[in-house]
Amino acid sequence: MEKEILRVENISKSFGGVKALENINLNIKEGEILCLVGENGSGKSTLIKIISGVYTADQGDIYINNHLYKKIKPIESIKQGIQVIYQDFSLFPNLSVAENLAINKQISSGKNIVNWKEFRQIAQRGLEDINVSLNLDAEVGSLSTADRQLIAISKAVMAEAKLIIMDEPTTALTQQEISSLFRIIFELKKQNISILFVSHKLNEITEIADRTIIFRNGRKVMDKNAKELSIESMEFHMTGRKLMSRNLQSSKDLSNVSPLLTVEKLTLGGKFNDISFDLKPGEVLGITGLLGSGRNELALSLYGVLPADSGSVRINCSDVNIRTIQEAKKLHIGYVPKDRIRDGIFLAQSIENNISANSIDRLINKFHLIDKQKKETLADKWINDFSIKTPSRKLAAFSLSGGNQQRVVLAKSLANEPILLILNSPTVGVDVGSKDEILNLIRDLANDGMGIILISDDIPEIIRTCDRIILMQNGKVKNIFLKEEINQEKLNNAMVGKY
């Protein structure tokens, strides 16, 4: 009989009268990869915090290694072998890799003097446990998200983890980095370490899960062997409705339409070289490629963040020179950044302030003050148009779910009335229902005449939404595909050089 690492029975939790979890039952066995799936606000994070002792359940029991806990403290959870890897990884960014990996051992030893040789040996063994090699002297804050995640996993294994909980671990990773993470997870499984993998990216669930549990509105609605589930079935259980997964088509014939944007031989030293393409009004143009392909730098160049060294850009047949963000905005170019938390939204500011942030010049009255009424009207329009779920425009942006935060970021860009919108990974970190709505919104904006550049390494998203797809490799355009001549398998193969 397989050993049970964790079991929770009849767990319920409310916040201010709102049920976050209701009568949740689940278990996880030794060496099992259990995927917990649900939209934002479904209760996934609440359950993690109850298991790890951050929250106390209103009712229910927690069994860890067959030991009953009515209430559990974080230190007890850790001692029982439960390690949680949150999205911020809980690392010290100003310390080295070796210091981050060995610091817990130093503290628990009670030693007052650091033996740096021993520090490095401890850190090296920790990385070897998960078959990873990193520069021990590198400052953690300078590393990629993927490398910082590897350090967090190594720390968990070094702490003798029996169950590692990964909260949305692939949100900021490229497809290549996700594949590397999955190889490590399968290696942990071989070591009989259990994984609770929390996500809403269903294509990943089908690849990695032994068993899948789905939450909706604080309740468990499904618990099945992963092999019995399709993506369509998971979408339905997550949202309670059938999503429109068909390809999104342009509503107009664009064959005789003049380009909105023409890019010729655009070059930025060390980033991209000799990039040429055009974009028509009403078209969604996809740009994809592996890490280092230059797609992100190209987006930033077109928005004035990284001005090109040479080449030309024309908008509506007129030459333009985009050297700053302000110049891009004057040309009615909008940009939605890849990292909405760091670059796209002011979390502590109100929803109203966020939506109006790019449109302040249009809200100034004759006294050179912001017209309060205009600002409120603008915010209400976009809250209504984008169905942003909030009881008040005055609430801080951090009160919103990930999907609603992304709608605010989109609204902020669109409030400035762009004719060209550049979207860099617009559905990263949002749940499947919100993703479906955002992709439909992108198509609607294009059908209304906007030109849209969609940058993403999410192949199904690119295939579904775009009219044409540019594949970049090593800073150059490798190929340009029409929607009708490409599918997911061909595009995947082309990205890795097999097509």
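Descriptive notes on the structure:
- Hits in the range 465-478 - residues which are of a type outside the set (Asp, Glu) and either more than 21 Å from ILE178 (Cα to Cα) or surrounded by fewer than 21 Cβ atoms within 10 Å (Cβ to Cβ) (or both): THR465, CYS466, ARG468, ILE469, ILE470, GLN473, ASN474, GLY475, LYS476, VAL477, LYS478
- Tally of residues being modelled with pLDDT of 85 or more, over 18 Å from GLY282 (Cβ atoms) and among the aliphatic types (A, V, I, L, M) across the range 420-440: 1
- In the range 255-276, the residues that are assigned to a loop (DSSP other than H, G, I, E, B) and either surrounded by 13 or more Cβ atoms within 10 Å (Cβ to Cβ) or modelled with pLDDT of 90 or more (or both): VAL257, SER258, PRO259, LEU260, GLY269, GLY270, LYS271
- Residue within the range 24-34 that is under 19 Å from VAL198 (Cβ atoms), surrounded by 15 or more Cβ atoms within 10 Å (Cβ to Cβ) and either modelled with pLDDT under 90 or under 24 Å from the mean Cα position of the chain (by Cα) (or both) present: yes
- Residue check, LEU291 in a loop (DSSP other than H, G, I, E, B), in contact with an Asp or Glu (Cβ under 9 Å, 6 or more places away or on another chain) and farther than 15 Å from LEU266 by Cβ: yes
- Scanning the range 320-330 turns up no residue that is under 19 Å from ASN416 (Cα atoms), in contact with an Asp or Glu (Cβ under 7 Å, 6 or more places away or on another chain), without any contact (Cβ under 8 Å) to a residue 40 or more places away in the chain and surrounded by fewer than 14 Cβ atoms within 10 Å (Cβ to Cβ).
- Matching residues, the range 221-242, being basic (Lys, Arg) and either at pLDDT 90 or above or assigned to a helix (DSSP H, G or I) (or both): LYS224, LYS227
- Flag for LEU285 being under 24 Å from the mean Cα position of the chain (by Cα), within 19 Å of CYS466 (Cα to Cα) and assigned to a loop (DSSP other than H, G, I, E, B): no
- Take the conditions (1) surrounded by 18 or more Cβ atoms within 10 Å (Cβ to Cβ); (2) at positive phi; LYS44 misses just one of them, which is (2).
- The range 65-90, residues that are touching a Lys or Arg at 6+ places or on another chain (Cβ under 6 Å) and hydrophobic (A, V, I, L, M, F, W, C): PHE89
Per-residue answers, yes or no, for (1) modelled with pLDDT under 85; (2) in the same structural domain as GLU489 (by TED's automatic domain parsing); (3) closer than 18 Å to ASN27 by Cα:
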position: GLU204; (1), (2), (3): no, no, no
position: GLU207; (1), (2), (3): no, no, no
position: ARG219; (1), (2), (3): no, no, yes
position: MET244; (1), (2), (3): yes, no, no
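- Among the residues of the range 463-489, those identified as within 24 Å of LYS252 (Cα to Cα) and in a helix (DSSP H, G or I) are ILE463, ARG464, THR465, LYS483, GLU484, GLU485.
- Any hit, the range 68-87, residues being farther than 22 Å from ILE195 by Cα and touching a strand residue (DSSP E or B) at 6+ places or on another chain (Cβ under 6 Å): no
- In the range 55-72, the residues that are farther than 22 Å from SER14 by Cβ never reach a residue that is assigned to a loop (DSSP other than H, G, I, E, B) and β-branched (Val, Ile, Thr) with C-beta atoms less than 6 angstrom apart, at least six apart or across chains.
- Those helices (runs of 4 or more DSSP H) of the range 353-454 in which 2 or more residues are surrounded by fewer than 20 Cβ atoms within 10 Å (Cβ to Cβ) occupy 372-385, 432-447.
- Hits in the range 364-419 - residues which are over 23 Å from HIS200 (Cα atoms) and aromatic (Phe, Trp, Tyr): PHE367, TRP382
- Any hit, the range 336-345, residues being surrounded by 16 or more Cβ atoms within 10 Å (Cβ to Cβ), touching a Ser or Thr at 6+ places or on another chain (Cβ under 9 Å), part of a strand (DSSP E or B) and at pLDDT below 95: yes
- Within the range 163-172, not a single residue is over 30 Å from ILE208 (Cα atoms), touching a Ser or Thr at 6+ places or on another chain (Cβ under 9 Å), modelled with pLDDT of 85 or more and among the hydrophobic types (A, V, I, L, M, F, W, C).
- Matching residues, the range 281-295, being surrounded by 21 or more Cβ atoms within 10 Å (Cβ to Cβ) and either not hydrophobic (A, V, I, L, M, F, W, C) or not assigned by TED's automatic domain parsing to the domain that holds LEU454 (or both): GLY282, GLU283, GLY286, THR288, GLY289, SER293, GLY294, ARG295
The values are calculated or read from the model by the stated rules, or taken from the named source; none is laboratory data. Since this is a predicted model, take the numbers as computed values, not measurements. Positions of Cβ are generated from backbone atoms using ideal geometry, with glycine treated the same way; all protein chains shown enter the neighbour counts.
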